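Here is the structure we will look at, set down as structure tokens.
The values are calculated or read from the model by the stated rules, or taken from the named source; none is laboratory data. In this text, all values refer to a predicted model and were calculated from it rather than measured experimentally. With ideal geometry, Cβ positions are generated from the backbone for all residues, glycine too; neighbour counts draw on all protein chains shown.
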Amino acid sequence: METIKPKWERIFKVHSYEVDIHKKLTIPWLCNYFQECAWEHAEHLDFGYTALSAINKFWVLSRIHIEVEEYPLWGEEITVTTWPKGLDGMFAIRDYLVTAADGRILAAATTSWLILDTEKHRPQRIVLEELVKFKLVDDNALLHHAEKLPKPEQAVKIDDFRVKYSDIDINHHVNNAKLVRWAIDGLPANALLNSQIKTFTINFIAESKLDDSIVLWREREEDGAFLISLVNESGGKELCRVRIISS
């Protein structure tokens, strides 16, 4: 019988195609690591894709908040540790720690997830509580949850483009990591070339599909943070909101 692991660990080696011009791991690839670990751990705990599909339910990632102390470099091996830590209303909260080979903390993150039914895409509170109430870990990577971001009030249009085949996933929707990448690409060039992202928060709001027309809006807040909104012009729905703080 397999031993249940309340926390899940996986070692990743940073590849050349996962880094930026500074040879540092990018936020989109870090989000890919997180999603892979969440999928594996949920399957291990028997409330992942397989278990939920059998009862016509599925997980949806709703929010991510990441705080970076130090970016791992090309060729480094890092450990991602994750665990489900509790409930917040309709959300299931899953935290992450990213550590270097010598044990120092490189980054910490918290994520908020929903379980939806496949027919009407409505949140399933009762199912969620039944699945996770005995498998939670009383530990915090961060003391707060990913916040609900405000809608930009004075944003400026920065870019527009169409969803391409390489942007969609097995569900025929734009992959979450693509939205992360699009948002970061919407930053001014000097914010990417001469500084690094220290805090990244994203709220996933709606889905997008092949050939949708996307518009990227950006606003600079008083504290210097960038607030970004990606809107599906084809359907008029906001896809996500992002706040990025660089230093």
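The table below gives the values:
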read-out	value
Qualifying position, being of a type outside the set (S, T, N, Q) and over 30 Å from Thr99 (Cβ atoms), among Ile202, Ile197, Ile214, Ile184	Ile214
Residue in segment 207-215 that is under 18 Å from the mean Cα position of the chain (by Cα) and either crowded, with 20+ Cβ neighbours inside 10 Å or part of a strand (DSSP E or B) (or both) present	yes
Residue among Glu222, Glu238 that is under 22 Å from His172 (Cα atoms) and either of a type in the set (Gly, Ala, Ser) or assigned by TED's automatic domain parsing to the domain that holds Asp185 (or both)	Glu238
Test: residue in segment 69-78 that is surrounded by 17 or more Cβ atoms within 10 Å (Cβ to Cβ) and touching a His at 6+ places or on another chain (Cβ under 6 Å)	no
Residues being touching a helix residue (DSSP H, G or I) at 6+ places or on another chain (Cβ under 8 Å) and either among the aromatic types (Phe, Trp, Tyr) or more than 15 Å from Ser213 (Cβ to Cβ) (or both) - total across segment 162-177	3
Single unsatisfied condition, Glu40 versus (1) at pLDDT 95 or above; (2) within 16 Å of Asp139 (Cβ to Cβ)	(2)
Qualifying residue in segment 40-49 (condition: farther than 21 Å from Glu9 by Cα, under 20 Å from the mean Cα position of the chain (by Cα) and surrounded by fewer than 14 Cβ atoms within 10 Å (Cβ to Cβ))	no
Flag for Glu147 being in a loop (DSSP other than H, G, I, E, B), among the acidic types (Asp, Glu) and over 21 Å from Ala92 (Cα atoms)	no
